[in-house]
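J.: The structure is given below, and queries will be raised subsequently.
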Amino acid sequence: MNLRVNGRETALDVDSTKTLLDVLRGDLFLTGTKRGCDSGECGACTVLLNGQAVHSCLVLAAELDGHDVVTIEGLSKDPKDLHPLQKAFIEKGAVQCGFCTPGVIMTAKALLDKNPDPTEEEVRYGISGNLCRCTGYSKIVDAILAAGEEIRMKKQ
Amino acid sequence: MTTTLEVPKYATVGKSVHRIDALEKVTGRAIYGDDMRFPDSLYGKVLRSPHAHAKIKRIDTSEAEKLPGVKAVVTGADAPFRGGEAIRDQPFLAVGKVRFAGEAVAAVAAETEEIAERAIELIKVEYEPLPAVFDVVEALKPTAPLVHEDLHTYAHMPIVNPVPNTNICAKFEFNQGDVEKGFRQADCVFEETFTFPSGHHCQIEPFMAIAQAEVSGRITIWVPNDAPHRLRKDLADAMGVPFERLRVITPPYMGGGFGGKGGLKVEMVCIALAMRTEYRPVKIVLTREETFTSSLMRHSAVVTVKTGVKKDGTIVASQAKLLYNTGAYAEKGPTVTLHGCESGVGPYRIPNVKVEGYTVYTNRPVAGALRGYGLPQSSFAHESLIDVIAAKLGIDPVEFRLKNALEEGSINPTRGDVLASVGLKECLLKAAKEIEWGKPRPPNRGVGIACEYKGTKTPSGSAAFVKVEQDGSVSVITSAVEVGQGIKTILAQITSEELGVPIERITVTSPDTDYTPFDASTTASRATFHMGNAVRFAARDAKEQILNLAAPILGANPQEVEAIDGEIRVKGGNRKITIGQAIKSRYRAGLTILGRGSYYPEVQGTMFSARSIFYMYGAQAVDLEVDPETGKIRIVKIAAAHDVGKAINPMACEGQIEGGVVQGIGTAIFEEVKYDAKGMMLNPNFRDYRIPTASDAPEVAPIMVEAAHDEGPFGAKGIGEMTLVSTPTAVANAIYNATGIRIKELPVTQEKFFDLMKGRSA
């Protein structure tokens with residue numbers, strides 16, 4: 001099968017029982033996507049599938065021939081030129097243990113792609129499928145709102 | 001009381017510098033345990049007990065062993081070791097009987113995870129169920145089934161005194177003054193019993209370990225454990241081997257700890273397997289369900305408090321009895337209970353005090369440290385009772401607390417030591433002000449407050465090296481564990497400040513017991529204080545060596561030069577040299593400047609029996625709204641004021657406070673572990689064990705109070721644990737304020753609260 005991963009066509013030979021998360025972590029060494037519960041409840045494995053945020057632990061890889069996947073590693077190619085979300089997460093102190101961070105950032109990316117000017121409530125609702133046990137969410141919400149603002153400024 | 005005047009000017013300390021690990025984390029490049037992989041690694045899976053208490057009559061592993069791809073199968077007989085820091089009571093895998101549902105009974109190492117899973121299903125175990133005991137009060141009755149028949153044979157810490165032929169794992173008592181006399185002097189005496197739920201840390205990273213044996217008999221284990229040196233000691237004690245036979249390496253990052261990732265968890269089974277795989281490494285990653293059932297819980301507790309007061313609100317005596325359910329094994333239960341006892345009557349000036357605490361074995365999963373270390377339980381009791389008393393006497397709850405609150409020079413009510421660096425009153429005042437205490441509120445809206453103090457484990461040591469290389473770059477060699485709290489950044493800031501080197505030039509290691517020096521643990525909110533001191537002294541030692549090196553090059557005395565911004569400068573002059581140039585000009589062929597530092601508080605007594613080297617203080621105030629129709633509790637805002645001594649990194653402190661408070665909200669209104677009648681956990685997943693989401697989290701106003709500590713690095717104390725301690729009680733007190741309903745049992749889920757409201761109107 002062929003999968004477009006972080007902008008690159010990738011030929012894969014996958015077992016029918018494997019999830020997208022298994023393939024990303026096990027076959028492609030993209031370990032930035034985390035396994036927290038393996039049942040779609042914690043959101044740590046969130047990636048973009050054709051632009052939509054999905055729990056990669058709930059998606060069977062074999063069904064994805066010809067699809068497009070973006071993981072946290074694909075969000076910016078150059079650490080000196082980070083995505084506004086990544087920059088905002090650093091600047092607002094939205095990162096603690098960091099285990100939920102990739103998933104939250106990918107969910108937020110999908111959210112801002114759809115709605116670059118969300119209210120705080122929309123952000124909170126939008127990331128309510130991503131559990132974080134360290135931060136209490138305040139700084140994550142601040143960071144997503146700040147990133148939205150930067151994205152809007154850039155577009156103008 | 002605080003250090004608002006004469007604040008020295010620091011370059012990086014006190015500034016919210018960005019975390020030094022943030023770039024790795026936002027790009028997905030930070031490596032956690034499960035991201036580590038060895039080419040020849042085997043996968044381990046564990047067979048767990050379906051019974052809470054049962055005799056193991058027979059284990060047949062023959063079918064599993066025959067399965068192609070299986071490399072090793074182990075049972076308790078293959079690893080005849082018992083571990084445990086407080087009491088050495090826990091077998092690596094069950095031997096003879098199982099004591100909780102979820103206990104490891106057998107394990108398999110295989111070429112793939114799938115084979116290991118299949119092999120586990122082929123193991124046959126014959127059990128004979130035994131009567132089980134789950135409730136802490138039941139477990140203390142003389143007729144209760146014994147969880148440990150051989151309690152008298154176990155090795156234990158000197159301060160822990162298990163009572164043989166009972167389920168009493170440990171017993172503690174604090175006495176000051178004469179509590180009976182105190183009650184006689186009181187105008188009114190109040191007594192209530194409160195029940196606190198168990199709960200889980202819910203670190204988003206599941207537990208894991210990789211272990212590998214070497215032909216020499218040495219074993220290396222890679223594990224996200226919050227105390228690698230303590231782990232090495234615990235393993236060495238359990239296995240009866242000297243330290244050099246064990247090496248503990250902490251993966252670069254850990255996905256959350258909150259007290260859960262210490263002691264022996266998955267380590268035991270992983271090592272048992274690794275000893276039988278012909279030197280191939282074995283990796284075990286627990287499922288979310290196993291993480292719930294078979295790692296660690298918070299102690300559920302029943303706490304009775306009795307307090308005597310004068311009519312004017314002066315507390316004259318207080319007595320507390322704490323019963324902590326530690327589950328099947330002691331783990332850190334005894335010292336969790338001890339800390340619960342130490343803060344058992346609250347942060348008040350009380351001349352007559354008696355606190356008794358019991359750590360009690362039951363057939364529940366193992367309980368141990370969870371953020372707050374025994375305090376949320378005892379605090380819920382006495383801070384609720386304080387509210388009851390204030391209401392009865394018609395005194396405002398904030399005023400009542402301020403009237404009795406500990407202050408600079410007060411006597412610690414339980415230990416009797418004189419307290420210094422006490423920011424409690426400022427915390428109370430600031431939290432109350434922030435929540436607009438006293439402002440009239442609409443019906444069904446209420447405010448509540450709670451406060452607390454907590455010590456750290458004392459005495460305990462930390463050591464560090466600061467290594468300066470030829471080009472002036474610096475590494476901090478430390479065993480402090482980055483669990484997410486930001487300790488790497490804090491230590492880099494302290495080094496930067498002390499050594500005069502920009503933070504960008506500093507790296508901080510992750511622990512490896514072969515290379516990084518001793519640290520007692522990254523627990524007890526002790527790392528900034530203890531390791532901060534050790535690192536500061538190591539940086540100072542390195543700086544002195546560098547100043548001595550550079551001064552003659554600059555034609556000056558060492559006293560006439562200073563280190564600033566990576567350079568050595570002659571004070572008040574223009575002559576300067578970079579640290580790199582200084583080292584190179586003296587040691588052309590290369591050399592390292594190695595600064596050494598260690599910190600060990602000089603106090604009387606052994607570990608946990610001594611007074612704490614520092615105490616943290618905090619107060620939290622809650623504004624909430626209840627819906628009488630549905631029982632829904634909406635928390636509008638929480639103001640959390642915490643005395644941190646000195647905020648080395650204010651943004652990191654805010655993050656600790658915001659995170660702890662939201663965990664505390666979970667404890668207050670959502671989180672409850674449920675079991676069936678046989679002791680099987682019913683909700684070991686995030687769907688049924690609900691933790692707060694972003695939509696549940698209210699506005700949190702973090703407030704830092706800085707009552708500097710003489711011995712702390714730049715005055716700093718600690719913060720992590722305190723942030724959760726007062727939240728559940730402040731919520732419960734606010735519910736009382738809004739509705740007149742006194743909460744005596746947590747959590748107050750919507751369902752339970754609906755029933756309480758209904759009961760009231762009926």
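J.: How about the stretch B:124-141: which of its residues are of a type in the set (Gly, Ala, Ser) and closer than 14 Å to residue B:169 by Cα?
T.: Of the residues in the stretch B:124-141, the ones of a type in the set (Gly, Ala, Ser) are B:132, B:139.
B:139 - this is the single residue of the stretch B:124-141 that is of a type in the set (Gly, Ala, Ser) and closer than 14 Å to residue B:169 by Cα.
J.: Contact list please: Cβ distance under 6 Å, first residue in the stretch A:117-136 and closer than 17 Å to residue A:43 by Cβ, second residue of a type in the set (Val, Ile, Thr) and surrounded by fewer than 22 Cβ atoms within 10 Å (Cβ to Cβ), pairs at least six apart or on different chains.
T.: Pairs found: A:128/B:693.
J.: Still on this structure, I have one more. Are there any strands (runs of 3 or more DSSP E) wholly within the stretch B:147-219 with 2 or more residues that are among the polar types (S, T, N, Q) and closer than 24 Å to residue B:745 by Cα, and if so which?
T.: Working: elements: B:168-176, B:188-196, B:208-213.
Here the list reads B:188-196.
J.: Same structure again: Any idea how many residues of the stretch A:122-156 are facing chain B (nearest Cβ under 10 Å) and of a type in the set (D, E, K, R)? Walk me through it before giving the result.
T.: Looking only at the stretch A:122-156, we keep the residues that are facing chain B (nearest Cβ under 10 Å), and these are A:123-141, A:143-144.
Subsequent filtering for residues that are of a type in the set (D, E, K, R) retains A:124, A:133, A:139.
Residues flagged as facing chain B (nearest Cβ under 10 Å) and of a type in the set (D, E, K, R) within the stretch A:122-156 amount to 3.
J.: OK, next. Within the stretch B:629-647, take every residue that is more than 14 Å from every other protein chain (Cβ to nearest Cβ) and touching a Ser or Thr at 6+ places or on another chain (Cβ under 8 Å) and give me the one that is surrounded by the fewest Cβ atoms within 10 Å (Cβ to Cβ).
T.: B:646
J.: Now for a separate question. Just for the stretch A:72-88: of the residues that are facing chain B (nearest Cβ under 7 Å) and crowded, with 24+ Cβ neighbours inside 10 Å, which one is farthest from residue B:252 (Cα to Cα)?
T.: It comes out as A:86.
J.: Right, another one. Can you pull out the strands (runs of 3 or more DSSP E) entirely within the stretch B:450-514 that have at least 1 residues that are in contact with a His (Cβ under 9 Å, 6 or more places away or on another chain), at pLDDT 95 or above and polar (S, T, N, Q)?
T.: Details: elements: B:462-468, B:474-477, B:506-508.
Where strands (runs of 3 or more DSSP E) fall fully within the stretch B:450-514 and carry at least 1 residues being in contact with a His (Cβ under 9 Å, 6 or more places away or on another chain), at pLDDT 95 or above and polar (S, T, N, Q), they are B:462-468.
J.: For residues that are in contact with a His (Cβ under 6 Å, 6 or more places away or on another chain) and more than 30 Å from residue B:387 (Cβ to Cβ), tally how many sit in the stretch B:595-622.
T.: 1
J.: Tally time: how many residues in the stretch A:43-64 are over 10 Å from the mean Cα position of the chain (by Cα) and either at pLDDT below 95 or at the interface with chain B (Cβ under 10 Å from one of its Cβ atoms) (or both)?
T.: Count: 2.
J.: Could you count how many residues in the stretch B:681-720 are surrounded by 18 or more Cβ atoms within 10 Å (Cβ to Cβ), of a type outside the set (A, V, I, L, M), within 14 Å of another protein chain (Cβ to nearest Cβ) and within 21 Å of residue B:428 (Cβ to Cβ)?
T.: Within the stretch B:681-720, residues that are surrounded by 18 or more Cβ atoms within 10 Å (Cβ to Cβ), of a type outside the set (A, V, I, L, M), within 14 Å of another protein chain (Cβ to nearest Cβ) and within 21 Å of residue B:428 (Cβ to Cβ) number 3.
J.: With respect to the numbered conditions (1) within 14 Å of chain A (Cβ to nearest Cβ); (2) out of contact with any Pro (no Cβ under 7 Å at 6 or more places or on another chain); (3) surrounded by fewer than 24 Cβ atoms within 10 Å (Cβ to Cβ), which one is the sole condition not fulfilled by residue B:678?
T.: (1)
J.: Among (1) β-branched (Val, Ile, Thr); (2) exposed (fewer than 14 other Cβ atoms within 10 Å of the Cβ); (3) farther than 30 Å from residue B:156 by Cβ, which single condition is residue B:606 missing?
T.: Result: residue B:606 passes all but (3).
J.: Still on this structure: Given the options B:369, B:317, name the one that is crowded, with 24+ Cβ neighbours inside 10 Å and part of a strand (DSSP E or B).
T.: Working: B:369 fails: part of a strand (DSSP E or B).
Of the residues listed, the single one that is crowded, with 24+ Cβ neighbours inside 10 Å and part of a strand (DSSP E or B) is B:317.
J.: Same structure again: Out of the residues in the stretch B:640-653 that are part of a helix (DSSP H, G or I) and not small (Gly, Ala, Ser), which is farthest from residue B:423 (Cα to Cα)?
T.: We begin by selecting, within the stretch B:640-653, every residue part of a helix (DSSP H, G or I); these are B:650-653.
Restricting the remaining residues to those that are not small (Gly, Ala, Ser) gives B:650-651, B:653.
Numbers: B:650: 17, B:651: 20, B:653: 16 Å.
The qualifying residue farthest from residue B:423 (Cα to Cα) is B:651.
J.: Now for a different question. Considering only residues that are among the β-branched types (Val, Ile, Thr) and assigned to a loop (DSSP other than H, G, I, E, B), look in the stretch B:222-280 and name the one that is surrounded by the most Cβ atoms within 10 Å (Cβ to Cβ). Walk me through how you get there before you give the answer.
T.: So in the stretch B:222-280, the residues among the β-branched types (Val, Ile, Thr) come out as B:223, B:241, B:248-250, B:266, B:269, B:271, B:277.
With assigned to a loop (DSSP other than H, G, I, E, B) added as a condition, the list becomes B:223, B:241, B:250, B:277.
Working: B:223: 25, B:241: 15, B:250: 29, B:277: 21.
Ranking the candidates gives B:250 first.
J.: For residue A:69, state whether it is more than 9 Å from chain B (Cβ to nearest Cβ), modelled with pLDDT of 95 or more and either surrounded by 24 or more Cβ atoms within 10 Å (Cβ to Cβ) or touching a Pro at 6+ places or on another chain (Cβ under 9 Å) (or both).
T.: The answer is yes for residue A:69.
J.: Take the residues of the stretch B:522-532 that are part of a loop (DSSP other than H, G, I, E, B) and on the phi < 0 side of the Ramachandran plot: which is surrounded by the most Cβ atoms within 10 Å (Cβ to Cβ)?
T.: Here the answer is B:522.
J.: Sticking with this structure for a sec: Hey, can you tell me all the residues within the stretch A:23-47 that are in contact (Cβ under 8 Å) with a residue 40 or more places away in the chain, farther than 22 Å from residue B:289 by Cα and out of contact with any strand residue (DSSP E or B) (no Cβ under 9 Å at 6 or more places or on another chain)? So that I can check it myself, show each step before the final result.
T.: Kept after step one, since they are in contact (Cβ under 8 Å) with a residue 40 or more places away in the chain, are these residues of the stretch A:23-47: A:24, A:30, A:32-34, A:36, A:41-47.
Now restrict to residues that are farther than 22 Å from residue B:289 by Cα: A:24, A:30, A:32, A:47.
Scanning the stretch A:23-47 gives a single hit, A:32.
J.: So if I check each of B:672, B:654, which one is surrounded by fewer than 21 Cβ atoms within 10 Å (Cβ to Cβ) and at negative phi? Before you say what the answer is, go through the steps one by one.
T.: Details: B:654 fails: surrounded by fewer than 21 Cβ atoms within 10 Å (Cβ to Cβ).
After ruling out the rest, the residue left standing is B:672.
J.: If residue A:140 passes every condition in (1) among the β-branched types (Val, Ile, Thr); (2) crowded, with 24+ Cβ neighbours inside 10 Å; (3) more than 27 Å from residue B:702 (Cβ to Cβ) but one, which one does it miss?
T.: Only one criterion is unmet by residue A:140, namely (3).
J.: Let me ask something else. Could you say which residue among B:604, B:656, B:620 is within 14 Å of chain A (Cβ to nearest Cβ), outside any strand (DSSP E or B) and among the polar types (S, T, N, Q)?
T.: Working: B:604 fails: within 14 Å of chain A (Cβ to nearest Cβ); B:620 fails: outside any strand (DSSP E or B).
Answer to the selection: B:656.
J.: Give me the pairs, please: first residue somewhere in the stretch B:539-557 and surrounded by 15 or more Cβ atoms within 10 Å (Cβ to Cβ), second residue anywhere and among the small types (Gly, Ala, Ser) and in a helix (DSSP H, G or I), beta-carbon distance under 7 Å, and either six or more positions apart or on two chains.
T.: B:546/B:582; B:549/B:582; B:550/B:582; B:553/B:582; B:553/B:585
J.: Can you name every residue in the stretch A:89-121 that is over 12 Å from residue B:22 (Cβ atoms), facing chain B (nearest Cβ under 9 Å) and not in a helix (DSSP H, G or I)?
T.: If the condition is that a residue be over 12 Å from residue B:22 (Cβ atoms), facing chain B (nearest Cβ under 9 Å) and not in a helix (DSSP H, G or I), then A:99, A:100 are the ones that fit.
J.: Which residues, taken from the stretch B:262-291, are in contact with a Ser or Thr (Cβ under 8 Å, 6 or more places away or on another chain) and among the basic types (Lys, Arg)?
T.: As a first pass, look at the stretch B:262-291 and keep what is in contact with a Ser or Thr (Cβ under 8 Å, 6 or more places away or on another chain): B:262, B:265-266, B:280-283, B:286, B:288.
Listed by number, the residues that qualify are B:265, B:280, B:283, B:288.
J.: Scan B:492, B:480, B:463 and give me the residue that is among the hydrophobic types (A, V, I, L, M, F, W, C) and over 19 Å from residue B:24 (Cβ atoms).
T.: On the way: B:492 fails: over 19 Å from residue B:24 (Cβ atoms); B:480 fails: over 19 Å from residue B:24 (Cβ atoms).
Only one candidate qualifies: B:463.
J.: For the stretch B:148-181, which positions are within 22 Å of residue B:234 (Cα to Cα), touching a helix residue (DSSP H, G or I) at 6+ places or on another chain (Cβ under 8 Å) and either assigned by TED's automatic domain parsing to the domain that holds residue B:233 or surrounded by 20 or more Cβ atoms within 10 Å (Cβ to Cβ) (or both)?
T.: B:160, B:162, B:169, B:170 - these are the residues of the stretch B:148-181 that are within 22 Å of residue B:234 (Cα to Cα), touching a helix residue (DSSP H, G or I) at 6+ places or on another chain (Cβ under 8 Å) and either assigned by TED's automatic domain parsing to the domain that holds residue B:233 or surrounded by 20 or more Cβ atoms within 10 Å (Cβ to Cβ) (or both).
J.: Which residues, taken from the stretch B:136-154, are free of Cβ contacts under 8 Å to residues at least 60 places away in the same chain and among the hydroxyl-bearing types (Ser, Thr, Tyr)?
T.: B:143, B:153
J.: How many residues are over 22 Å from residue B:10 (Cβ atoms), more than 14 Å from chain A (Cβ to nearest Cβ) and crowded, with 24+ Cβ neighbours inside 10 Å when one looks only at the stretch B:467-504?
T.: Selection size over the stretch B:467-504: 1.
The values are calculated or read from the model by the stated rules, or taken from the named source; none is laboratory data. None of the values given here were measured: they were computed from a predicted structure. Heads up, the Cβs are rebuilt from the backbone with ideal geometry, glycines too, and the neighbour counts pull from every protein chain shown.
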